[in-house]
Structures are given as C-alpha cells and as structure tokens.
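The values are calculated or read from the model by the stated rules, or taken from the named source; none is laboratory data. What you are looking at is a predicted structure, and each value in this text was computed from that prediction instead of being measured. All Cβ positions, even for glycine, are placed from backbone atoms using ideal geometry, and neighbour counts span all protein chains on display.
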Amino acid sequence: MKKALSFRLRVTPSSPLVVAYGAIGRGTTVVPITAEGHARKLFGNDKLVAKMSWPSVHRKSEATIIRVVRKKIGEHKETKKYLKNIVDLKCSLDRSGMEIELPRAFMDLSEPYEPRLLRTLVMKEYLPMENIRSLADFKIVFRHIFEAHHWVFEVAGMLHRDPSLSNFLFYYDADGNVIGVLADWDVASSKEDLATLRDGVDKAERPEESVDVLTTAPKTDEETKSEGAAKVRDTDGTEQRPRYRTGTGPFMALDLLATTKIVHRYRHDLESFFYILCYFCAQFRPSTTKKPEAHFAYLHGWESGNTKQVHTTKYSFLESLDEAFDALFENANEAYLPLLTEWIYPLYKAMFRHIGQLSALLGSSYGKLSLALKRKDEEMAKEYMDSFRDTSEKADKLVVYEKFRAIISP
C-alpha cells in the first residue's frame with residue numbers, strides 16, 4: 001500500500017512564496033516546504049520547494065522530461081557526474097480539474113477553452129543568480145550548466161530550448177564548492193521530435209505579419225524562476241519580463257525572434273548562452289551598503305514585450321562594434337567586467353559577429369521563397385529554398401560546442 005507524503009510550509013523572508021501574477025498564463029506558484037514523516041525518510045532534510053502550475057493537458061510533463069534526462073545521463077559513466085547539474089526532482093503529481101473538483105469542471109461552458117491540469121513538482125531548493133558571490137563562482141556555474149546542457153543533448157537526446165538567467169541556479173555543496181544547476185525543462189524537446197519538424201520553407205507559408213506580438217501569453221519573472229530559487233528579483237517598480245513560446249526574450253536567438261517558422265536547433269541554445277553572458281556582465285548589480293539586495297537592472301530593448309523590438313535591438317548589438325556594443329557594458333560592475341574581454345568578445349569574434357547577417361539572409365530567403373511559391377514560380381522557389389538551406393547549414397557549422405567550450409575553458 002502506498003504511503004501518503006506530507007510536507008510543511010516553510011515561508012520566510014529568505015524563502016518567500018513566489019506567485020506569478022497575470023490573468024492569462026500557467027499561474028505558476030512556488031512554495032518553500034520541508035518534508036515530514038515518510039517523505040522525510042525518502043527525501044532527507046534538504047530544503048525543498050513545490051512548484052505548482054496549470055499547463056495545457058497537451059504539454060509534455062516536465063517531471064517526465066526531467067526523469068528521462070536524469071536516467072539517461074546516469075546510465076553512462078562519463079556523464080553521470082552531470083547529474084548534480086540537473087534539477088533534483090523528488091516527486092510529482094498531476095490532477096485534472098475534475099479530480100480536484102474545480103467549479104469549471106462541472107460547468108457547461110458554451111465557449112471552448114484549452115483544458116489544463118494542475119501539475120505539482122517537489123524538488124530541491126536552489127539559489128538564483130542574484131546570490132552569486134564572485135566572478136569566479138559565476139564562471140564555474142556557467143561552465144557546469146553549459147556542459148550539462150550539451151551532454152543532455154548528446155546522451156539523453158533532449159534539447160532544453162530555453163537557456164536563460166532565470167533557469168540558471170546553483171547551490172553550495174557540503175565542502176563549500178559552488179555547483180551550477182540547469183532548471184525549467186518544460187519546453188524541452190527530444191531530437192526525435194525536432195527531427196520530424198521542418199522549417200517553414202517546406203510548407204510554402206509566408207511568415208506571420210504579426211511577428212511583433214507575443215506568440216503566447218507573457219510569462220512573468222516569477223514564473224521563469226519556477227524551479228525553486230530561494231529568492232526572486234525585486235519586481236517593485238520594474239517592468240515584467242516577457243516569455244515566449246520556446247525561450248525568454250532577452251536570451252532568444254535572432255532566428256526565433258523573427259518568425260515561428262524556424263525549427264529550434266542546438267546552435268540557437270548556444271546563442272542564448274552568449275546572450276546570458278552579455279546580459280549578466282552588463283546588468284548584474286551586486287549588493288552594496290546602500291543597496292543590500294543584489295539584482296539585475298532592467299535592459300531596455302532586450303526586455304520589451306514586442307518581439308520585433310527585441311530582435312532589432314539585439315541585431316544592432318551584434319552588428320555594431322562601437323556604439324551599440326560598447327553602450328551595453330558602460331555601466332557594468334567592475335568586478336564582473338573581465339567577462340567582456342575574457343569570454344564575451346572572444347566568443348563574439350569567433351562566432352556571433354556573423355549571426356546577425358546570417359539571420360537576416362535566412363529571413364530574406366524565406367520571404368522571397370514564399371512570394372515565389374505564391375506566384376507558382378518553381379525556378380525562383382528552388383533558388384531561394386537552396387539559399388535558405390545553405391545559409392542555415394552555414395550557421396549550424398559556425399556556432400558549435402567545440403568553439404564555445406575552448407573559449408570558456410579554464
């Protein structure tokens with residue numbers, strides 16, 4: 001007979017209740033808890049959190065993804081060491097509206113709505129990046145997550161698709177060593193699933209005119225910290241960070257910001273890792289005597305709710321080695337400014353200075369292809385389809401794990 005698991009609320013100033021406010025969304029809430037009774041025997045005395053949300057019933061279970069990832073990573077001697085860099089899921093529970101007797105489940109609603117279910121994940125509590133203590137610690141956390149992300153893709157066959165600062169967490173082990181953790185696997189996809197998809201060129205569809213509109217309801221900063229961060233950003237008086245279908249705006253690849261017709265590739269996640277470095281270096285504000293709470297300053301343009309503006313701002317950044325590039329880092333904290341010369345600029349020079357132009361070529365080829373197909377001009381359509389695929393292949397070969405790893409290696 002299965003035993004019930006009991007948990008006690010543990011809400012304190014250092015471990016607050018995190019609620020995502022908004023009329024539309026998954027309503028994610030993160031509750032600090034501790035295990036009691038039989039649960040404590042299973043999970044120990046670690047500080048835990050319960051992440052509760054209301055995703056679509058059609059969305060793959062995040063708990064299932066995490067379990068698959070951890071199982072496959074743990075099966076190989078060479079990759080078992082990366083288990084510590086993947087969120088430690090203790091248990092999970094799914095319940096439908098009918099099972100928990102929500103009033104809506106018993107109402108005869110005339111208008112269709114997307115069915116949702118309550119998903120609860122219990123996992124270890126981690127620290128958000130605002131709590132990082134030094135540049136050295138940041139580099140270790142970044143390397144841990146970068147390597148774990150790669151080997152999950154190679155061994156477990158799962159692409160995260162949403163690297164962002166909110167999903168970068170960490171903790172200190174018993175010996176005081178800092179350990180980076182990659183969280184929030186709810187939009188991850190398997191290689192097999194991605195292989196069945198095709199870019200919009202194969203569907204002969206014109207890109208949406210409404211690329212400046214969010215492709216899904218915005219997800220607030222509280223939701224993007226849903227994997228159990230011990231603290232959240234101070235949102236008093238700051239603008240909300242928007243969330244998109246397969247990524248978080250400031251960290252999304254240019255291709256994905258421009259259109260929903262591009263299949264998410266491994267290189268797009270690497271591009272997100274580059275933006276994370278840039279954002280952290282430029283916007284991190286460590287605690288001071290005047291402002292004891294460390295935080296990230298709001299980055300205009302990058303954090304707009306308008307995808308077209310985010311795309312334009314980041315494109316200008318990549319295409320400029322003077323004003324736009326230098327302006328981003330002019331207020332960077334001196335303790336973390338070495339990231340610019342040691343990692344960011346070398347990565348930019350080796351790979352990302354070309355991404356803006358390649359992304360623009362992809363968009364141009366796709367638009368012209370759509371027009372040629374609309375006019376039933378097969379000759380022109382083939383020319384632009386070949387151009388699209390050649391450019392995409394060139395970008396795939398340019399932005400690679402080996403180059404990135406060589407630059408950030410100690």
message = Can you tell me which residue is farthest from Asp184 (Cα to Cα) among those in the stretch 87-109 that are of a type outside the set (Gly, Ala, Ser) and within 30 Å of the chain's Cα centre (by Cα)?
response = Arg95
note = Picked from the stretch 37-56 (must be exposed (fewer than 13 other Cβ atoms within 10 Å of the Cβ) and at negative phi), the residue nearest to the chain's Cα centre (by Cα) is Ser56
note = In the stretch 261-279, anything modelled with pLDDT under 95 and either touching a Ser or Thr at 6+ places or on another chain (Cβ under 6 Å) or among the acidic types (Asp, Glu) (or both) is listed as His264
ask   = What are the pairs, 6+ residues apart or on separate chains, where a residue within the stretch 21-35 that is under 21 Å from Ser56 (Cα atoms) has its Cβ under 7 Å from a residue that is in a strand (DSSP E or B) and of a type in the set (Ser, Thr, Tyr)?
value = Arg26/Ser53; Gly27/Ser53; Thr28/Ser53
query = Any residue at all in the stretch 134-143 that is crowded, with 17+ Cβ neighbours inside 10 Å, touching a Phe, Trp or Tyr at 6+ places or on another chain (Cβ under 9 Å), β-branched (Val, Ile, Thr) and within 23 Å of Asn333 (Cβ to Cβ)?
reply = yes
query = Restricting attention to the stretch 56-68, which residues are in a helix (DSSP H, G or I), out of contact with any Phe, Trp or Tyr (no Cβ under 7 Å at 6 or more places or on another chain) and in contact (Cβ under 8 Å) with a residue 40 or more places away in the chain?
reply = Ala63, Val68
message = Let me spell it out: the conditions are (1) at pLDDT 90 or above; (2) over 29 Å from Thr64 (Cβ atoms), and Val187 meets all of them except one. Which number is the exception?
response = (2)
task = Looking only at the stretch 1-46, count how many residues are in a strand (DSSP E or B) and within 16 Å of Leu121 (Cα to Cα).
result = 13
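To keep it simple, each residue is scored yes or no on (1) under 20 Å from Lys2 (Cβ atoms); (2) touching a residue at least 12 places away in the same chain (Cβ under 8 Å).
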residue	(1), (2)
Val18	no, yes
His38	yes, yes
Lys47	no, yes
His76	no, yes
Val87	no, yes
Lys90	yes, yes
Met98	no, no
Met107	no, no
ask   = Is it true that some residue in the stretch 304-312 is basic (Lys, Arg), closer than 17 Å to Ile276 by Cβ and touching a residue at least 24 places away in the same chain (Cβ under 8 Å)?
value = no
query = If you go through the stretch 89-100 one residue at a time, do you hit one that is of a type in the set (A, V, I, L, M), surrounded by 22 or more Cβ atoms within 10 Å (Cβ to Cβ) and at pLDDT 95 or above?
reply = no
query = Does Lys403 satisfy the criteria of being touching an Asp or Glu at 6+ places or on another chain (Cβ under 7 Å) and either within 30 Å of Glu130 (Cβ to Cβ) or basic (Lys, Arg) (or both)?
reply = no
task = Can you run down the residue pairs with Cβ atoms below 7 Å, 6 or more apart or on separate chains, where the first is in the stretch 271-283 and at negative phi and free of Cβ contacts under 8 Å to residues at least 12 places away in the same chain and the partner is charged (D, E, K, R) and in a helix (DSSP H, G or I)?
result = none
request  = Exactly one condition in (1) closer than 19 Å to Glu125 by Cα; (2) over 19 Å from the mean Cα position of the chain (by Cα) is not met by Arg67; state its number.
outcome  = (2)
query = So which of Tyr348, Tyr366, Tyr315 ends up being within 20 Å of the chain's Cα centre (by Cα) and within 21 Å of Gly247 (Cβ to Cβ)?
reply = Tyr315
remark   = The condition of being modelled with pLDDT under 95 and either over 21 Å from Ile276 (Cα atoms) or exposed (fewer than 13 other Cβ atoms within 10 Å of the Cβ) (or both) holds, among Leu117, Leu121, Leu83, only for Leu117
